[in-house]
1. I'd like the residue in region 91-105 that is open to solvent by less than 30 Å² (accessible area, probe 1.4 Å) and assigned to a loop (DSSP other than H, G, I, E, B) and, out of all such residues, is farthest from the ligand (Cβ to nearest atom).
2. Only one residue in Lys4, Lys35 is out of contact with any Lys or Arg (no Cβ under 9 Å at 6 or more places or on another chain) and charged (D, E, K, R), so which one is that?
3. Go through region 306-367 and tell me which strands (runs of 3 or more DSSP E), entirely inside it, have 2 or more residues that are open to solvent by 30 Å² or more (accessible area, probe 1.4 Å) and of a type in the set (Val, Ile, Thr).
4. Under 16 Å from the mean Cα position of the chain (by Cα) and among the polar types (S, T, N, Q) - does that describe any residue in region 122-142?
5. For region 240-264, name all the residues that are of a type outside the set (Val, Ile, Thr) and touching a strand residue (DSSP E or B) at 6+ places or on another chain (Cβ under 9 Å).
6. Tell me which residues, restricted to region 66-90, are free of Cβ contacts under 8 Å to residues at least 60 places away in the same chain and more than 6 Å from the ligand (Cβ to nearest atom).
7. I'd like to check something: does region 172-180 contain any residue that is under 28 Å from Lys284 (Cα atoms), open to solvent by less than 40 Å² (accessible area, probe 1.4 Å) and away from the ligand (no atom under 16 Å from the Cβ)?
8. Could you grab me the full set of residues in region 60-86 that are over 26 Å from Val127 (Cα atoms) and of a type in the set (Val, Ile, Thr)?
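The values are calculated or read from the model by the stated rules, or taken from the named source; none is laboratory data. Quantities reported herein were computed from a predicted structural model and do not represent experimental measurements. Positions of Cβ are backbone-derived with ideal geometry, glycine not excepted, and every protein chain shown enters the neighbour counts. Ligands, DNA and RNA are stripped out before the accessible areas are found, and what is left, the full protein with its side chains, is counted by its heavy atoms. Shrake-Rupley method; radii C 1.70, N 1.55, O 1.52, S 1.80 Å.
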Amino acid sequence: MQEKHIISKIKESYPFVDIIFGTHTLHKFPEDLYKVLQEKRKLEDILDIDGEIHEGLPIKRDSKIKASVTIMNGCNNFCTYCIVPYVRGRERSRKPEDILKEIRELAKDGYKEITLLGQNVNSYLKVEQAKRNNSNEYKEINSFATLLTAINKIDGIERIRFVSPHPKDFTDDVIDAIAKCDKVCKLIHLPLQSGNTKVLKEMNRKYTKEQYLNLVQKMKERIPNLTLSTDIIVGFPGETDKEFEDTLDVVKKVKFEQVYMFIYSRRIGTPGDKMENQIPDEVKHKRFDKLKALVESQIEENNKKYINTIQDVLVEGTSKNNSNLLSGRTDSNKVVVFEGTNNLIGKMVKLKIVSEHMWYLKGKLEN
Ligand code: SF4
């Protein structure tokens, strides 16, 4: 709703809609609803400026085991394909004490796994620190690395994940914190987007192919049992077949555990939408299929490495495809199904992996 053309579309196509509100006025929803009911009129409540962070809004969570916790809103990066900075505003971080309070309460309620959310998590508190001229306001927790370390100490929480970091902000202190904190999962999501330096420049990603590969190398050296997942966009404006080969080259070199693949699609209001050299759909699809084939062949090969290993698995519930089996995830976020009793749901168990399939593994409880 922060995009003007979307508001027009809603008004045109769904004239019965009573309230339109944006991301910066979410906290005012009860008040807006009351007004609409009392005054029997339509209401539009959109703010263009960056919203403050409002603490204490109720959150409905589906799982009783895993919870997501927002640590920051907005983004300052302006990647040329992305609408987020325009609709979510500038980067602003929640206070460490508010985040820790929320996670302590989640731990008390029995949650075992926390995923920290933000558009650029590893620049947590950077903006606030700069505004305060590096004053001592944030003493103990003054960065993403120190936040991870503090959350790692919370009793009851067994796993910490985070999405998404930006490769350009992946500093050594964050790498060291991941290596040292036993609860921080060693599967790191490191968005690549493209493996070609020229395309990365056009995307305004602020790293080169070589810098990305060097970062991966450094992380592999310093973080034992590291696995990586990534996001890739295929067919960004101007991408040639040869430049796309660089993306395949990085995928071959890094051997990601998981790749989230996207065909580039134009977003009104972004610089990418205005670029003239858009790639025809059939070319984008051809490249996508090539990438998908490579990724799937790597997953198949990678899955074999799990056979006969013992994995710590957080049991999430019964399997969606077979209610006689339980399902959980490894540290590397692989789905594992196994025979077990319902009292194991929500617990961490040790499983021996006995077979592999494209999208899941089968395990057996270790006594
Ligand atoms: S892709 Fe991520 S880092 Fe880039 S502008 Fe969008 S939210 Fe920000």
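1. Selected residue: Arg94.
2. Details: Lys35 fails: out of contact with any Lys or Arg (no Cβ under 9 Å at 6 or more places or on another chain).
When all the criteria are applied, what remains is Lys4.
3. Details: elements: 310-318, 326-329, 335-338, 348-356, 361-365.
Strands (runs of 3 or more DSSP E) meeting the threshold: 310-318.
4. Within region 122-142, the first condition is being under 16 Å from the mean Cα position of the chain (by Cα), and the residues that meet it are 122-124.
From the residues that got through so far, the ones that are among the polar types (S, T, N, Q) too are 122-123.
Yes - at least one qualifying residue is present in region 122-142.
5. Step one: filter region 240-264 for residues of a type outside the set (Val, Ile, Thr), giving 241-246, 248-249, 252-253, 255-258, 260-262, 264.
Answer for region 240-264, where residues must be of a type outside the set (Val, Ile, Thr) and touching a strand residue (DSSP E or B) at 6+ places or on another chain (Cβ under 9 Å): Phe244, Lys255, Phe256, Glu257, Gln258, Tyr260, Met261, Phe262, Tyr264.
6. The first filter runs over region 66-90 and keeps only residues free of Cβ contacts under 8 Å to residues at least 60 places away in the same chain, leaving 67-70, 72-76, 84-85, 90.
Within region 66-90, Ala67, Ser68, Val69, Thr70, Met72, Asn73, Gly74, Asn76, Arg90 qualify.
7. Within region 172-180, the first condition is being under 28 Å from Lys284 (Cα atoms), and the residues that meet it are none.
Within region 172-180, not a single residue is under 28 Å from Lys284 (Cα atoms), open to solvent by less than 40 Å² (accessible area, probe 1.4 Å) and away from the ligand (no atom under 16 Å from the Cβ).
8. Hit for region 60-86 is Ile65, nothing else.
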